[in-house]
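Trainee: Submitted below is the structure of interest, expressed as structure tokens.
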Amino acid sequence: PTSWREQHYFTKLGVRVSPDDILRISDMNFRRLDAARYNGSKQNPLSGLPANSTPDEIRNLSKISFESVEPAAWIDEMKSYVYRQSYNSTSYDTKETAATKTAAKTRTINDQEIYGGGSQLVSPLFSGARLIYGVDYRLENLKAAKKEFDTKTTTGLTTEKVPQGQTPDGTYDAFDAFSMAEYQLSSVVRISLGGRFESTHLNSDPKPE
């Protein structure tokens, strides 16, 4: 009986603040609740049900962007944006052991938050040529935790423990700058030359457990 419920919404608002400028605000949300899936067809020896997992997931993305045409004499187009994205998942995985008559349920929690922003500009170089360039940056905060609950089916006593294989918390950030020159040589030939620089950092903090 694999099943789940989903809820979604997406909303977007665009405002022309001037003849050449547009401000856009958007928010998108996704929820998957009461999910149940089986990880295999082999039955557990105690309940007779296969090993199963019940994850819940929530995703959200909020964004503000600004678009402008000819904001300056040396800029034809400009697009800038900032956003926040989040992801949360809580899942329970169950398995049973006949020898010890134990039902083990492992709870896994994953949290991810992303903050980012950037800008892209287009400037004229000379007749038939233009330069596209910009920057982008994002920062991710990553958290995860596992806990195992072991229940003796004969007594109903439940004990808690931290299982092996924990994912340490951490941060990840990426910065990049890019530029590309385009030249329209003829109606059927366009020449492009570009470059990109990217710098990324991953920091994790493993705990003694």
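Trainee: Scan segment 66-80 and report the pairs whose first residue is in contact (Cβ under 8 Å) with a residue 40 or more places away in the chain and closer than 8 Å to Leu121 by Cα and whose second residue is open to solvent by 40 Å² or more (accessible area, probe 1.4 Å) and among the charged types (D, E, K, R), with Cβ atoms within less than 8 Å and a gap of 6+ or a chain change.
Mentor: Asp76/Glu70; Asp76/Arg130; Glu77/Glu67; Glu77/Glu70; Met78/Glu67; Lys79/Glu67
Trainee: Restricting attention to segment 113-131, which residues are in contact with a Ser or Thr (Cβ under 7 Å, 6 or more places away or on another chain) and not small (Gly, Ala, Ser)?
Mentor: The answer is Glu113, Arg130, Leu131.
Trainee: Report yes if Tyr183 is closer than 17 Å to Gly116 by Cβ and not β-branched (Val, Ile, Thr), otherwise no.
Mentor: Numbers: closer than 17 Å to Gly116 by Cβ: no; not β-branched (Val, Ile, Thr): yes.
Spelling it out, it is not the case that Tyr183 is closer than 17 Å to Gly116 by Cβ and not β-branched (Val, Ile, Thr).
Trainee: Go over the candidates Glu160, Glu198, Glu182 one by one and state the one that is of a type in the set (Asp, Glu), closer than 20 Å to Thr106 by Cα and touching a strand residue (DSSP E or B) at 6+ places or on another chain (Cβ under 8 Å).
Mentor: Working: Glu198 fails: closer than 20 Å to Thr106 by Cα; Glu182 fails: closer than 20 Å to Thr106 by Cα.
So the residue among Glu160, Glu198, Glu182 that is of a type in the set (Asp, Glu), closer than 20 Å to Thr106 by Cα and touching a strand residue (DSSP E or B) at 6+ places or on another chain (Cβ under 8 Å) is Glu160.
Trainee: Okay, next question. Which one is farthest from Leu121 (Cα to Cα) among residues in segment 166-187 that are at pLDDT below 95 and either open to solvent by 60 Å² or more (accessible area, probe 1.4 Å) or more than 22 Å from the chain's Cα centre (by Cα) (or both)?
Mentor: That would be Thr167.
Trainee: Restrict the check to segment 56-66 and report whether at least one residue is surrounded by 15 or more Cβ atoms within 10 Å (Cβ to Cβ), within 30 Å of Leu202 (Cβ to Cβ) and among the basic types (Lys, Arg).
Mentor: yes
Trainee: Looking only at segment 162-180, count every residue that is part of a loop (DSSP other than H, G, I, E, B) and over 26 Å from Lys207 (Cα atoms) and tell me the total.
Mentor: Initially, segment 162-180 is screened for residues part of a loop (DSSP other than H, G, I, E, B), giving 162-169.
Add one more test, that the residue is over 26 Å from Lys207 (Cα atoms), and what stays is none.
The number of residues fulfilling the criteria is 0.
Trainee: Let me ask something else about it. At least 2 residues that are within 25 Å of Leu33 (Cα to Cα) in each: list the strands (runs of 3 or more DSSP E) lying fully within segment 43-161 that qualify.
Mentor: Details: elements: 50-53, 56-72, 75-97, 102-126, 129-152, 158-161.
Those strands (runs of 3 or more DSSP E) span 50-53, 56-72, 75-97, 102-126, 129-152.
The values are calculated or read from the model by the stated rules, or taken from the named source; none is laboratory data. Every value quoted in this text rests on a predicted model; they were computed, and no experiment measured them. Every residue, glycine as well, gets a Cβ built from its backbone with ideal geometry; the counts of neighbours run over all protein chains shown. Areas reflect the complete protein model, heavy atoms only, side chains present, ligands, DNA and RNA absent. Shrake-Rupley method; radii C 1.70, N 1.55, O 1.52, S 1.80 Å.
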